Amino acid sequence: MPDYKAPLRDIKFVMTELLDSEQHYANLEGAEDASPDMVDAIIGEGAKFCEQVLSPLNQVGDKEGCTWSEDGVKTPTGFKEAYQQYVEGGWPSMTADPNYGGQGLPHSLGLVMSEMVGTANWSWGMYPGLSHGATNTIEAHGTEEQKQTYLTKLISGEWTGTMCLTEPHCGSDLGTLRTKAEPNADGTYAITGTKIFISAGEHDMAENIVHIVLARLPGAPEGTKGISLFIVPKNLPNEDGASGERNAVSCGSIEHKMGIHGNATCVMNFDGAKGWLIGPENKGLNCMFTFMNTARIGTAIQGLGAAELGFQGSLAYAKERLAMRSLSGAKNPEGIADPIIVHPDVRRMLLTQKAIAEGARALIYLTAQQADIVHSGKTEEERKAADEALGFLTPIAKAFLTEIGYEAANLGMQVYGGHGFISEWGMEQNVRDARIGMIYEGTTGIQALDLLGRKVLMTQGESLKGFTKQVHVFCKENADNEQLREFIEPLAALNKEWGDLTMKVGMTAMKNREEVGAASVDYLMYSGYAVFAYLWARMAKVALDKMVEGTTEEMFYNAKVQTARFYFKRMLPRAKGHAESMLAGADTLMDMPEEAFAL
Ligand SMILES: Cc1cc2nc3c(=O)[nH]c(=O)nc-3n(C[C@H](O)[C@H](O)[C@H](O)COP(=O)(O)OP(=O)(O)OC[C@H]3O[C@@H](n4cnc5c(N)ncnc54)[C@H](O)[C@@H]3O)c2cc1C
């Protein structure tokens, strides 16, 4: 596994130069503490922790996995101690509500830390990641008593959290879930049912685990309208708030799986476990969306992390590994061969990873700024606009970034040749770990339906227009900029095509609803490439302006422009293929009778 080095220069570029984080934080309610010096200090400290503590445990976690012991599920060597250090450093409280022990820093700053944690060691990062989702859910929907009891412990990091949705017969289709919640005389509920694939469901890193569980009340309506949400602690809290008697919830087994071995994926049995309702009856799925939206952006980071880690490893290797001579003549005549970085195809693989990692960082930070505004924007109007933008960008970030992040991880392995397939180098672990990103938190197929069906068509294209309007303004403002022409012209054309395609798909969908499902994944991928084009054009502009102004970092800014050029010329053409596919019609998928598949 390559030693992770936090890409601090690029993090700073995206935060401050591309997205003007200083102004952004100044516009938020209660973000006064996020001064530039404070932000730098936090990121610098976080980077050290990730590089020195978490990264060395990444391969250990993969090799050892989670195991059973007399005391329950044991995490890999070093995981528990690293978590202690994380808690002592105050990291769990960073973005939480100050009324319950949090530091109230903006969510986007927390996501920078999540990026570094997740790239250094994704499996480990899932434990605090799930707690973060539980924290947000109780913060948004819990009663004052629930906040005092659970939120304070989650924020301090003494307890961790989970998200319990999936059951053996349902994951995407939560409307069919069966876990029951029966009222007890004391106002609590008895929760009975089996949840599977529960990340961080059981472990030895914290003294208590707060499960956030979807279940049905007696007589609840069928489908998604009859689901309620409950807090079910592993140990019941005592009067004094400490973790007490064991609740009737237990881990039935730990799943054996392809990757993320250091994270315990558990079957959780609820046998009349005591639970407390959060939010209104039968509105559980709405409340759970607070958790799921946190987790979706969190999962988008997995795509970024996989690309960054693959890139860091394969770049170092490509500079050292010698094989054959450059087609244009030897570049390392004293050596037995040239380093493989001289070969065009190796450069294609490296630049693809770089364009994906840096584009993903820009997309995630942009999305995170919208989340900040939804949470702490100063006016109702800006909060509403940000909410719409966040809803539009979230499925794209989640699905597009995990898809292309996986592609990048695969290229990272390919650069190593046969050595990439061997465990020692860590590249095959990166591929295995990254693969789950396209499945959990809503598969790519489900995210695509959400984007095209719910976010775009059901709003008559309003959410798309909100975004394409920004792109249009950017293109107009820079239409006369000669240096930017190579980016602005194709971006403006793409932006128009995006609207036209949406209209065409919408029209065919009015006649046949299958068209939405048939077009959706191509639509999502097209949208991802379009959002990337906008961000890469903006990054090129920042870099070009900087070079005109004069800079001592010519190489850094020049690389930005070169990568933008690579993206426009060599990756963006993929959008054309998705455009054609999305218009190919549902009949190319639906006309074949089911029985004929096997012939
Ligand atoms: C390692 C791991 C960790 C996980 N962690 C958690 C966790 O912490 N908490 C939790 O609750 N769950 C967790 N999950 C579960 C995960 O979220 C689900 O596996 C996922 O949502 C998919 O559900 P499913 O497995 O039931 O697949 P299904 O829903 O059966 O889907 C199977 C296939 O059908 C497709 N499909 C289904 N419906 C449609 C449709 N209408 N249109 C088009 N395509 C469709 C899907 O895209 C998919 O390709 C985890 C899973 C794994 C493997």
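The values are calculated or read from the model by the stated rules, or taken from the named source; none is laboratory data. In this text, all values refer to a predicted model and were calculated from it rather than measured experimentally. Virtual Cβ from ideal backbone geometry, glycine too; neighbours counted across all protein chains shown. For accessibility, only protein heavy atoms count, side chains too; no ligands or nucleic acids. Shrake-Rupley method; radii C 1.70, N 1.55, O 1.52, S 1.80 Å.
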Give the distance, in whole Å, between the Cα centre of segment 164-226 and the Cα centre of segment 95-162. 21
Over the chain, with the other protein chains present, what is the accessible area per residue in square angstrom, probe 1.4 angstrom? 43
How far apart, in nm, are two points set 7 Å out from the Cα along the Cα-to-Cβ line at Q84 and at R178? 4.3
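Starting from 0.36 nm per residue, how many nanometres of slack lie between A385 and I439 once their C-alpha separation is accounted for?
Details: separation 54, 0.36 × 54 = 19.44 nm, distance 2.92 nm.
That works out to 16.5 nm of additional length.
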Using Cα pairs under 8 angstrom and six or more residues apart, how large is the relative contact order of segment 298-387, in percent? 26
Nonlocal amide H pairs with E167, under 5 Å, H built at 1.01 Å: I196
With DNA, RNA and ligands ignored, accessible area of M258 (1.4 Å probe; Å², nearest 10): 100
How many nm separate the modelled label positions at E554 and D204, each set 7 Å beyond the Cα in the direction of the Cβ? 5.7
Going by a ≥ b ≥ c, the root eigenvalues of the Cα gyration tensor, does segment 404-537 fall in the rounded group (a/c under 1.5), the prolate group (a/b larger than b/c) or the oblate group? oblate
With all protein chains modelled, accessible area of M324 [1.4 Å, Å²]: 150
Within segment 29-135, report the GluC sites (Glu not before Pro) that DSSP leaves as loop and that have at most 16 other Cβ atoms within 10 Å. E29, E32, E70
Determine the gain in length on full extension of the stretch A596-E70; use 0.36 nm per residue of separation and subtract their C-alpha separation, reporting nm with one decimal. 184.1 nm
Step through the residues of segment 519-536 one at a time and calculate ³J(HN,Hα) from phi using the Karplus curve (6.51 cos²θ - 1.76 cosθ + 1.60, θ = phi - 60°), rounding each to whole Hz and writing x for Gly and Pro. 9, 4, 5, 5, 5, 5, 5, 4, 4, x, 5, 5, 4, 4, 4, 4, 5, 5
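What is the ratio of the Cα radius of gyration of segment 117-172 to 2.2 N^0.38 Å, where N is its residue count, to two decimals? All intermediate terms of the calculation are to be shown ahead of the outcome.
Numbers: Rg = 13.1 Å, N = 56, 2.2 N^0.38 = 10.2 Å.
The value comes to 1.29.
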Amide H of S326 versus every other amide H placed in the peptide plane: which residues, excluding those fewer than 5 positions away on the same chain, fall under 5 Å? K331, D338
Pairing the Cα long axis of helix 107-120 with the longest principal axis of the chain, what angle in degrees results, from 0 to 90 and rounded to the nearest 10? 80
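Determine the equivalent ellipsoid of segment 162-306 by diagonalising the alpha-carbon gyration tensor, then write out the semi-axes as square roots of 5 times the eigenvalues, largest first, rounded to whole Å. Walk me through the numbers on the way to the answer.
Details: eigenvalues 111, 80, 41 Å².
Those come to 24, 20, 14 Å.
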Tabulate in residue order the Karplus-calculated ³J(HN,Hα) for segment 149-156, using 6.51 cos²θ - 1.76 cosθ + 1.60 with θ = phi - 60°, rounded to whole Hz; enter x for Gly and Pro. 6, 9, 4, 4, 6, 5, 5, 6
Counting only pairs 8 or more residues apart or on different chains, how many lysine pairs in segment 368-515 have their Cα atoms under 17 Å apart? 13
Phi-based couplings in Hz for segment 549-564 (Karplus 6.51, -1.76, 1.60; Gly and Pro marked x): 5, x, 8, 8, 10, 3, 4, 4, 6, 5, 4, 4, 5, 4, 5, 4
Taking K and R as +1 and D and E as -1, what net charge do the other residues with C-beta under 10 Å from the C-beta of C266 add up to? -1
What list of whole percents do you get for P(r) of the chain, with Cα-Cα distances grouped in 20 Å bins up to the one holding the largest distance? 19, 54, 25, 2, 0
Sequence gap at least 6, Cα distance under 8 Å: using those rules, report the relative contact order of segment 203-271 to the nearest whole percent. 23
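In debye to the nearest 20, how big a dipole does the chain give about its Cα centre with +1 on each Lys and Arg Cβ and -1 on each Asp and Glu Cβ? If you can, show how the numbers build up before the last one.
Numbers: 53 positive and 77 negative charges, 300 e Å.
It works out to roughly 1440 debye.
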Sum of side-chain charges, G142 neighbourhood, beta-carbon under 14 Å (Lys, Arg +1; Asp, Glu -1): -1
Per DSSP H run of at least 4 residues, take -39500 (n - 2.57); add these up for the chain, divide by its residues and hand me the 222 nm value, nearest 500 deg cm²/dmol. -16500 deg cm²/dmol
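At 1.4 Å probe size, put K195, K234, K541 in order of accessible surface, largest to smallest.
Numbers: K195 0, K234 25, K541 55 Å².
I get K541, K234, K195, largest accessible area first.
Test of understanding: what is the full-extension gain from K378 to K283, defined as 0.36 nm times their sequence separation minus their Cα-Cα distance?
Working: separation 95, 0.36 × 95 = 34.20 nm, distance 2.79 nm.
The span from K378 to K283 would gain 31.4 nm if fully extended.
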The helix 284-320 Cα axis meets the longest alpha-carbon principal axis of the chain at an angle in degrees, between 0 and 90 and rounded to 10, of 40
Dividing the alpha-carbon radius of gyration of segment 247-311 by 2.2 N^0.38 Å (N being the number of residues), what value is obtained? 1.53
Given R₀ = 22 Å, what would the calculated FRET efficiency be for E320 paired with K257, taking r from the Cβ atoms and rounding to 0.05? 0.10
Non-local amide H neighbours of W159 (under 5 Å, H modeled in plane, Pro and chain starts lacking H): which ones? L154
Taking Cα centroids, how far is segment 405-424 from segment 484-542 in Å? 30
To the nearest 0.05, how large is the calculated FRET efficiency for R348 and Q470 if R₀ is 25 Å and r is the Cβ-Cβ distance? 0.20
Inter-site label distance for K496 and Q562 at 7 Å from Cα along Cβ, in nm: 3.4
If you count only protein heavy atoms and use a 1.4 Å probe, how large is the accessible surface of C66, to the nearest 10 Å²? 20
If you bin every alpha carbon distance in segment 78-147 into 10 Å steps from zero, what whole percent lands in each bin? 19, 53, 25, 3
